[in-house]
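A short worksheet on the structure shown next.
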Amino acid sequence: MKGNILTPAGWIFGEIHAGPDGRIARIEGVPVTPEGNDAPYVLPGFVDLLNHGGGGKDFMDGEAAVPVILRAHVRFGTTSLLGSTMTSPHDVLLPALQALDRACAQRPAGAARMLGVHLEGPYINPGKLGAQPDTSVIATQEELEQYLGAAPLKVVTLAPELPGHLDIIRMLAARGVRVQLGHTLGTYEDAVAALDAGASGFTHLFNAMTPLQHRAPGVVAAALAHAEFAELIPDLLHVHPGAIRAALRAIPRLYVVTDATAAAGMPDGVYHLGSQTVYKADGSVRLADGTLAGSVLTMDQALRNLVSIGLDLADASRRVSLYPAQYLGMADRGMLAEGCWADVAVLDRALSVRTVYVEGECCVENA
C-alpha cells in the first residue's frame, strides 16, 4: 500500500502498514502534492449505503447470493456496504432480512464487508414507487420490531407524510437507526417536520420525491435548506450535473451511492430487481416501460464521475468514503488513519482500480 496516500490531514507520499488484526498499524510518509509524481493514489475504500445487488444477484435472493454480490463490488473498490431490500410483502421481507442477518455475521474471503441493511420500503408512498413494486404499506411499530429483531437495520427509507410515520421516525431514531426520506409525495413542511422528529437523510436525492418549485418547494428544497447529509446517485443519468453541483453547494456532507442492481458488473441483458424484471442496456437498467430501475453504477465510476464534473480527487474521495461512514457513525472506516480498518483502494493515474484491501486482506490485484 504505497503511493500518494490520502490521510485526514492531507496527501502524503509513503506506505500504509496493516497489523494482524486487519487495522492500520501505522502510516509512514511525507507531505506531497500528488500532481508532482506519477505514483498511484491510495484512497480509503469506498462505502456504499444503497446497493441492491451485483454480479447477477440481488440481496433479496437469499443468503447464498450475498458473497457473490460482495465479491462483485469489491472489484470496483467498494470495501463495505449496506445490503438494500425492496418493497415486498411481510412474508417475503422478513425471511429475506433473516437471511441477510446471517450473511452479516462473517465477511467472506476476498469480499467487501456487509455492514447491515438499508430497508428501502415498504413504508413508501404508492404514488412515488419509482421501480419499487406496488406492495407499499403504512409502518407499524409492531412490524418494525420484527424487522429490527431480524437483521441489523442501519437505514430505513420512508415517506414522512403517511399517517403515523412521524412517530415511527421518533422510534427508529431513538434506536439509533438512520431514517431517510424518500419515495415521497410529501411537502416541504412534511420533510421539515420529519427532520425535527429525528430523520437525518434523503434517499437518492432528487429521485422519487417532490421537486423544488418556488411556490411548492417540496422535499428537495427541505434537503437543500436543512440537510447535513444526503445521498445521491451520480451516474449522470439519475441526476443532471447541474443539480449535483447545486446539492454540493447546499449540503455539507453530500455523499454518493450506487443504487446498484444485479446487473452491475454484468453484460447487457435481462436481470431482476427484487420481484421486478429489469433490462440492462446503454449503461442503464430499466423496467419494461423505460423507468430507471436502480443503476449499474459502481463506486469507482461514481468517483470518476464526480471528478469529471469538477471535484478535486480529495473531495470526491470524501463523498464515496468518509461521509457515508460518518453518516452511519463509524469512526474506523472511510478514512486512512492509525487504528482504522485497513480498507484501501489503490487507483492508477486514470483512477482505475488496481488493488483493493478489505480489513488488511488483499482482495483485488489487477496488473
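What to note about this one:
- Direction-averaged projected area, Cα convex hull, the chain: 17.0 nm², rounded to one decimal.
- Spin-label model distance (nm) - Asp348 vs Glu365, 7 Å beyond Cα toward Cβ: 1.7 nm
- The GluC sites (Glu not before Pro) of segment 20-79 meeting both criteria, a DSSP state outside H, G, I, E and B (loop) and at most 15 other C-beta atoms within 10 angstrom of the site's C-beta, are Glu63.
- Estimated FRET transfer efficiency (Ala25, Asp134; beta-carbon r; R0 41 Å; 0.05): 0.20
- Dividing the mean sequence gap of close Cα pairs (under 8 Å, 6+ apart) by how many residues the chain holds gives a relative contact order of 21 percent.
- Amide H to amide H distances under 5 Å link Phe13 with Ile5, Val30, Val32, where only residues 5 or more positions off or on other chains count and H is placed in the peptide plane.
- Order by protection proxy (mean Cβ within 10 Å, highest first), peptides 148-161, 307-320: 148-161, 307-320
- Qualifying GluC sites (Glu not before Pro) in segment 178-237, where qualification requires a DSSP coil assignment and no more than 16 other C-beta atoms within 10 Å, comprise Glu228.
- Taking Asp48, Asp332, Asp38 in turn, the Gaussian network model of the chain (Cα-Cα springs below 10 Å) assigns the largest fluctuation to Asp38.
- From phi via Karplus (6.51, -1.76, 1.60), per-residue ³J(HN,Hα) for segment 45-53 in Hz, x at Gly/Pro: x, 7, 10, 10, 9, 9, 8, 9, x
- Bridging of Lys2 to aspartates and glutamates at a Cα separation below 20 Å is possible for Glu15, Asp21, Glu28, Glu35, Asp38, Asp300, Glu338, Asp343, Asp348, Glu359, Glu361, Glu365, once same-chain residues fewer than 8 apart are set aside.
- Of all aspartates and glutamates in the structure, those lying under 15 Å Cα to Cα from Lys57, and not within fewer than 8 positions of it along the same chain, are Asp259, Asp268.
- Tyr357, Tyr41, Tyr279 arranged by Cβ crowding within 10 Å, fewest neighbours leading: Tyr279, Tyr41, Tyr357
- GluC sites (Glu not before Pro) restricted to segment 290-366 and DSSP loop, no more than 14 other C-beta within 10 Å: Glu338
- Note on the chain: helix-only mean residue ellipticity at 222 nm, from DSSP H runs of 4+ residues weighted -39500 (n - 2.57) and normalised by residue number, equals -7500 deg cm²/dmol.
No value in this document is a laboratory result; all are computed from the given coordinates. Bear in mind the structure is a predicted one, so any value in this text is a computation, not a measurement. Note that we place each Cβ from the backbone using ideal geometry, even for glycine, and neighbour counts take in every protein chain shown.
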